[in-house]
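Okay, so here's the structure we're looking at.
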Amino acid sequence: MKSPLLSLPGAVPAEGPDEGVAAHYGDLFREQRSLADGTGFVDLSHRGVITVSGPDRLSWLHLLLTQHVSELPPGQATEALILSAHGHVEHALYLVDDGETTWAHVEPGTQEALLAYLESMKFFYRVETADVTEAYAVVHLPAGSIAPTPEGTVVRETAYGRDLFWPRAELESFAAQHAPAIGVLAYEALRVEGHRPRLGLETDHRTIPHELGWIGTAVHLHKGCYRGQETVARVQNLGKPPRRLVFLHLDGSEVQLPGHGAPVRLAADGEDGRQLGFVTSSARHHELGPIALALVKRNVPVDATLLAGGTAAAQEVVVEP
C-alpha cells in the first residue's frame, strides 16, 4: 500500500520489506537526530493493522499468543508471538487494547496469513477479527515527543515512543501538523541500535524466541496453552538455543553495508572460512557509524572479531551464549 506521504518534498521510496513508504526525506542523519531528540514522526503506514473485538477477545488471544494478555489493562502496550507447533516464530504482533477492541500492527503483508490462522481458531468464542489496514495507518512519534494525541486515538506507548493507529484518509493532515517527516531508514537505525528483532529480518523458518531475546518482552514464561509452548519450556529449562543474536560494530572504511543474509565468519579464518551465521539487518547510525545485527551459532566466541559479508566487525553480546 503506497503512502500518500511519498509526495512530500525530498521523499525517496524505501525498498524491500518497507516498500510503500519513504526511506528518507533527503538527510538521513538529520532525521536520525530528530528522532533521537523526540521530534517529528515516522510514517509506518505500510504495516498491517488488525483488530480483535468481542467479549472473549483477551481470554481467546491468551490461548493463542506467547504473551499473558487475559487481563491486559486498556492502554497498556505489549508484544506477542505466534509460534508453529515446533516452536518456530511465525508472527509478531504489537498490541494494545482500548477497552473494547484489541489493536495490533504487524509486518507488511503478513496480516492476511495471520487473520486466516486466527479465523481457524475461533470455534465457539465470541470474537470478531478484521483487517483494517485500508482504514487505519500506523504512525510513530518518538520517545520524548510533546506532540499531543487527539482524544479517541488508539495509542500504543512504549519506551521507544508512541505508535498511533491513525485514520489513513487523514495521513496528509497528520504530516502537516507533526513535521518533520522522518524516513524508515532512521527508524531502522535506532531499532538496530536498540537490539530489537524484526520478523522476516532477524527471523528465518527455524527461529525460536530464545535466539533473539524475545524471552521476557514477547514471551511469558509462566503461562501455558499456546502452540509451541513445549519447545519454549524445554529450551528454557533444559537446553540452550542453537543460535544467538549479536550486535556488530562494522569497519567504517567500507563503503557498502553488508546486506540481509550476508555470511558471517571468523575474521581469523578469512572469507574462505566456514560460515557461522548471517547478517539480519544493517544501518548507518548518526553516532555509532555502520552497525548491524547478526544471528550466529551459539558457540562463536563472544570476543572474536567477525567478518560480516567481508567487512570486519566487533561484536557485542545481545543473547548470552
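Whose amide H sits under 5 Å from the amide H of Leu199, counting only residues 5 or more places off or on another chain, with H placed in the peptide plane?
Long-range HN contacts for Leu199: none found.
Show me, for the stretch 91-106, the HN-Hα J-couplings you get by feeding each phi into the Karplus relation (A = 6.51, B = -1.76, C = 1.60, θ = phi - 60°), rounded to Hz, glycine and proline as x.
Ordered by residue, 3J(HN,Hα) equals 9, 10, 10, 10, 10, 7, 10, 9, x, 10, 9, 9, 10, 8, 10, 9 Hz.
Given H placed on each backbone N at 1.01 Å, which residues far from His285 in sequence or on other chains put an amide H within less than 5 Å of it?
Those qualifying (amide H under 5 Å, at least 5 residues apart or on another chain) are Ile291.
Might you tell me the accessible area per residue for the stretch 48-131, computed with a 1.4 Å probe and given in Å²?
41
Give me a comma-separated list of calculated 3J(HN,Hα) values for the stretch 209-215, in order, Karplus coefficients 6.51, -1.76, 1.60 applied at θ = phi - 60°, integers in Hz, x for any Gly or Pro.
Those phi angles translate into x, 4, 5, 10, x, 6, 5 Hz.
GluC sites (Glu not before Pro), restricted to the stretch 1-96: which are DSSP loop and have at most 16 other Cβ atoms within 10 Å?
Glu15, Glu19, Glu71
What residue among Val96, Leu65, Ile50 has its Cα farthest toward the positive end of the dipole of the stretch 48-131, where the charges are +1 on Lys, Arg and -1 on Asp, Glu, each on the Cβ?
Leu65
Sorted by average packing, counted as other Cβ atoms within 10 angstrom per residue and highest first, what order do 109-118, 134-143 take?
Details: 109-118: 16.2, 134-143: 19.5.
Ranked from most to least packed, the peptides come out as 134-143, 109-118.
Rounded to the nearest 20 debye, what is the charge dipole size of the chain about its Cα centre when +1 sits on each Lys and Arg Cβ and -1 on each Asp and Glu Cβ?
With Lys and Arg at +1 and Asp and Glu at -1, about 820 debye.
Long-range amide H contacts for Ala137: which residues qualify at under 5 Å (H placed 1.01 Å from N, peptide plane, sequence gap of 5 or more or a different chain)?
The list, which skips near neighbours in sequence, is Trp166, Arg168.
To the nearest 10 square angstrom, what accessible area does Met121 show with a 1.4 Å probe?
Its accessible surface works out to 50 Å², give or take rounding.
Please quote Rg/Rh for the chain to two decimal places, taking the Kirkwood radius as Rh and restricting both calculations to Cα atoms.
That ratio is 0.97, to two decimals.
Between His68 and Phe123, what length in nm is gained on full extension when 0.36 nm per residue of separation is reduced by their alpha carbon distance?
The span from His68 to Phe123 would gain 17.7 nm if fully extended.
Take the Cβ-Cβ distance between Glu271 and Thr101 as r, set R0 to 56 Å, and report the resulting FRET efficiency rounded to the nearest 0.05.
The computed FRET efficiency comes out at 0.60.
The values are calculated or read from the model by the stated rules, or taken from the named source; none is laboratory data. Since this is a predicted model, take the numbers as computed values, not measurements. Because the Cβ atoms are built from the backbone with ideal geometry, glycine has one as well, and the counts that use them run over all protein chains shown. Ligands, DNA and RNA are excluded from the accessible area calculation, which covers all protein heavy atoms including side chains. Shrake-Rupley method; radii C 1.70, N 1.55, O 1.52, S 1.80 Å.
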